[in-house]
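Here is the structure we will look at.
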């Protein structure tokens, strides 16, 4: 399927859809985060370090890390500031800690063959700064295969503009629908089903083909 066959969804619409999924359809962000993490983990077939920021995208990455830990493919988890996580992302953090998984505040890829980028999601609206920028640059300089969660960190998911720096992924796993700019900056892009009702998309003006996932829960663009 070509990217033009699927409507992109903006960061504002993502927030609205998440709220509708919970309030109208009874599907909470924690459930969607868990589904997102499982889908991401399925694409990681080598030992991986998951690199997380401080928002819900980090929660998706942490959920993926928990599955990778169970499957013997987790090399490490690095978080900018794990104590800043809130809501469902904090629950994912605590679940990992309860399993004895260390969440390092330092960035290291020593045992990893793959890096999972979960630093920024769709909410980014300005160029990364400070440690966020340093970690993005380190990912790009690592020489490792990189898989981005939903969008590469550094991409403005409203305008499709790539800030500097931006993660340069080999693959992006778009959650539910593609985001603006992925065709240029996402590397190989796949769209995965995380259980968002199509009725929620329709309520915010996004017309999704009802047969989108008829052939399976992954659509390769």
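Note on the range 167-177: residues that are touching a strand residue (DSSP E or B) at 6+ places or on another chain (Cβ under 6 Å) and either part of a loop (DSSP other than H, G, I, E, B) or under 18 Å from residue 54 (Cβ atoms) (or both) total 3. Please verify whether the range 111-121 includes one or more residues that are out of contact with any strand residue (DSSP E or B) (no Cβ under 9 Å at 6 or more places or on another chain) and within 20 Å of residue 186 (Cβ to Cβ). No, the range 111-121 contains no residue that is out of contact with any strand residue (DSSP E or B) (no Cβ under 9 Å at 6 or more places or on another chain) and within 20 Å of residue 186 (Cβ to Cβ).
I need the full set of residues from the range 45-61 which are within 12 Å of residue 117 (Cα to Cα) and either in contact with a strand residue (DSSP E or B) (Cβ under 6 Å, 6 or more places away or on another chain) or assigned to a helix (DSSP H, G or I) (or both), in order please.
Residues of the range 45-61 that are within 12 Å of residue 117 (Cα to Cα), as a first pass: 48-53, 57-61.
Of everything in the range 45-61, those that are within 12 Å of residue 117 (Cα to Cα) and either in contact with a strand residue (DSSP E or B) (Cβ under 6 Å, 6 or more places away or on another chain) or assigned to a helix (DSSP H, G or I) (or both) turn out to be 48, 49, 50, 51, 52, 57, 58, 59, 60, 61.
Only residues that are surrounded by fewer than 19 Cβ atoms within 10 Å (Cβ to Cβ), without any contact (Cβ under 8 Å) to a residue 60 or more places away in the chain and assigned to a helix (DSSP H, G or I) were counted across the range 19-41, and they come to 5.
Which one is surrounded by the most Cβ atoms within 10 Å (Cβ to Cβ), of the residues in the range 191-216 that are in a loop (DSSP other than H, G, I, E, B) and over 22 Å from the mean Cα position of the chain (by Cα)? Lay out the reasoning, then the answer.
Taking the range 191-216 first, the residues in a loop (DSSP other than H, G, I, E, B) are 193-197, 204-216.
Then keep just the ones that are over 22 Å from the mean Cα position of the chain (by Cα); that gives 205, 207, 209-211, 214-215.
Numbers: 205: 10, 207: 9, 209: 13, 210: 9, 211: 7, 214: 7, 215: 9.
Filtering first and then ranking leaves 209.
Mind listing just one residue for me: the one in the range 89-110 that is in a helix (DSSP H, G or I), without any contact (Cβ under 8 Å) to a residue 40 or more places away in the chain and in contact with a strand residue (DSSP E or B) (Cβ under 9 Å, 6 or more places away or on another chain) and, of those, surrounded by the fewest Cβ atoms within 10 Å (Cβ to Cβ)?
In this case the residue turns out to be 97.
Restrict the check to the range 138-147 and report whether at least one residue is in a loop (DSSP other than H, G, I, E, B) and farther than 20 Å from residue 53 by Cα. There is at least one residue in the range 138-147 that is in a loop (DSSP other than H, G, I, E, B) and farther than 20 Å from residue 53 by Cα.
The number of residues in the range 46-85 that are in contact (Cβ under 8 Å) with a residue 60 or more places away in the chain and more than 12 Å from the chain's Cα centre (by Cα) comes to 4. Exactly one residue out of 130, 143, 187 is surrounded by 15 or more Cβ atoms within 10 Å (Cβ to Cβ), out of contact with any helix residue (DSSP H, G or I) (no Cβ under 7 Å at 6 or more places or on another chain), at pLDDT 95 or above and at positive phi, and it is 187. Going by the structure shown, is residue 219 assigned to a strand (DSSP E or B), surrounded by fewer than 23 Cβ atoms within 10 Å (Cβ to Cβ) and out of contact with any helix residue (DSSP H, G or I) (no Cβ under 6 Å at 6 or more places or on another chain)? Against the criterion (assigned to a strand (DSSP E or B), surrounded by fewer than 23 Cβ atoms within 10 Å (Cβ to Cβ) and out of contact with any helix residue (DSSP H, G or I) (no Cβ under 6 Å at 6 or more places or on another chain)), residue 219 qualifies.
When the range 62-86 is filtered for residues that are out of contact with any helix residue (DSSP H, G or I) (no Cβ under 7 Å at 6 or more places or on another chain), more than 24 Å from residue 137 (Cα to Cα) and part of a helix (DSSP H, G or I), the ones remaining, listed by number, are 69, 70. Taking the criterion of being touching a strand residue (DSSP E or B) at 6+ places or on another chain (Cβ under 6 Å) and under 17 Å from residue 82 (Cβ atoms), no residue of the range 122-146 qualifies.
The values are calculated or read from the model by the stated rules, or taken from the named source; none is laboratory data. Keep in mind the model is a prediction, meaning the values are calculated, not measured. No Cβ is skipped: glycine too gets one built from the backbone with ideal geometry, and neighbour counts run over all protein chains shown.
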